[in-house]
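Notes follow once the structure below has been shown.
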Amino acid sequence: MKLEALLSGLQNPQPAVRLDIVRVLGMVDEVGALAALREHYQAEGDPVVRSAIAWAGKRLYQAQQAGYSTQAEIFRFFGVDREIEATPDAAEAELMEKLERDLESTLQNRQQRSNVKQAGIAAATGLGVGLVAGGMMGLGTMMGGMKQGASAASSNLGSSDRPDPGSKRTPAMKPSTTDFKVWLRRLLESSNDAQREQAIIEIQQLNNPAALPHLAAVFVSDNSPKIRESAQRFGKILYWSSVYWDMEQSGALEAEIKRRLEELGKRTEKPAIPSPNQADSGTAPRAASEPPPPSSQ
């Protein structure tokens, strides 16, 4: 849900729609709407909507003074800040990549020497190509085990493409159009606060932004402070989820992450890593020596 789409609703000819928009903006503390609300307050002809704008404007001003930001809350809630913090700086990333290259190069050189040695032994003892092939197969199996062990070892080196568990942000979820009327009815009609709060949670988890005006109405007018608090808390999560999705789809999320990484001096792109045989010499990898032909004597 883009803020621009909400703000355009302030121009809707129906007062009820404008009222819904203003209540949503006030519930989610969308400080980005403060200027638009100030401007629209002067032109609003409906007294109920005008009163709601004054209420929302006061809330947003206080939130702005407190340093509140929808984007900051999204980055905190969905773990974007955590992912940025876990990203290694350029020097650290380069060191980790060099360690991986060195390890891979060592394993490949060891495998090449073993291949040549095994082939020479087979030829010298006249055991024939069949035994060489069998030995090579066994060696391949052994080296495969070594490679797996090396992969496990390298996973402990802090490689930039093997992040620590929990360092990745939560994936953005596409907003749904799932019907939430059953849960809304329970929210509005039940006399049990625990059931009503659960209904709010279920509505938020359905991830349908169309539920926001209903949660905002509960936030504004419900008799239970606990239910009003829950309506705002989960209404914000529903709103953040929608904005988060839009940011990812538009490229704004990636651009902001890159900007923050650059500001912190951290790597924003992973460079191409040369093959282990090319890493130090800059030349093409040398082919393994061909085994000598079997002795005819």
message = Within region 178-254, considering only helices (runs of 4 or more DSSP H) that don't extend past its boundaries, which have at least 3 residues that are over 22 Å from D20 (Cβ atoms)?
response = 193-206, 225-250
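Table: residues versus (1) at pLDDT below 75; (2) over 38 Å from the mean Cα position of the chain (by Cα); (3) part of a helix (DSSP H, G or I); (4) over 30 Å from R259 (Cβ atoms).
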| position | (1), (2), (3), (4) |
| --- | --- |
| H40 | no, no, yes, yes |
| Q64 | no, no, yes, no |
| R76 | no, no, yes, no |
| E94 | yes, no, yes, no |
| R110 | no, yes, yes, yes |
| K117 | yes, yes, yes, yes |
| I121 | yes, yes, yes, yes |
| G130 | yes, yes, yes, yes |
message = Tell me yes or no: at least one residue of region 243-252 is more than 21 Å from E4 (Cβ to Cβ) and open to solvent by 20 Å² or more (accessible area, probe 1.4 Å).
response = no
ask   = Taking P209, is it at negative phi, open to solvent by 50 Å² or more (accessible area, probe 1.4 Å) and at pLDDT 95 or above?
value = no
request  = Find all pairs meeting these conditions: Cβ atoms under 8 angstrom apart; at least six residues apart or on different chains; first residue within region 211-240 and free of Cβ contacts under 8 Å to residues at least 40 places away in the same chain and over 17 Å from R186 (Cα atoms); second residue among the polar types (S, T, N, Q) and in a helix (DSSP H, G or I).
outcome  = L238/Q204
inquiry  = Kindly evaluate S8 against the criterion of being within 22 Å of E229 (Cα to Cα) and either at pLDDT 95 or above or in a helix (DSSP H, G or I) (or both).
reply    = no
ask   = Has region 41-58 got at least one residue that is open to solvent by 20 Å² or more (accessible area, probe 1.4 Å) and closer than 23 Å to P175 by Cβ?
value = no
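Yes or no, residue by residue, for (1) within 24 Å of E85 (Cβ to Cβ); (2) among the hydroxyl-bearing types (S, T, Y):
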{"residue": "R185", "(1), (2)": "no, no"}
{"residue": "N192", "(1), (2)": "no, no"}
{"residue": "I200", "(1), (2)": "no, no"}
{"residue": "L206", "(1), (2)": "no, no"}
{"residue": "A211", "(1), (2)": "no, no"}
{"residue": "V220", "(1), (2)": "no, no"}
{"residue": "Y239", "(1), (2)": "no, yes"}
{"residue": "S242", "(1), (2)": "no, yes"}
{"residue": "E262", "(1), (2)": "yes, no"}
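The values are calculated or read from the model by the stated rules, or taken from the named source; none is laboratory data. The shown structure was predicted, so the numbers you read here are calculated from the model rather than taken from an experiment. A quick note on method: Cβ atoms are made from the backbone with ideal geometry, for glycine too, and the neighbour counts reach across all protein chains shown. The area values use the complete protein model at the heavy-atom level, side chains included, leaving out ligands, DNA and RNA. Shrake-Rupley method; radii C 1.70, N 1.55, O 1.52, S 1.80 Å.
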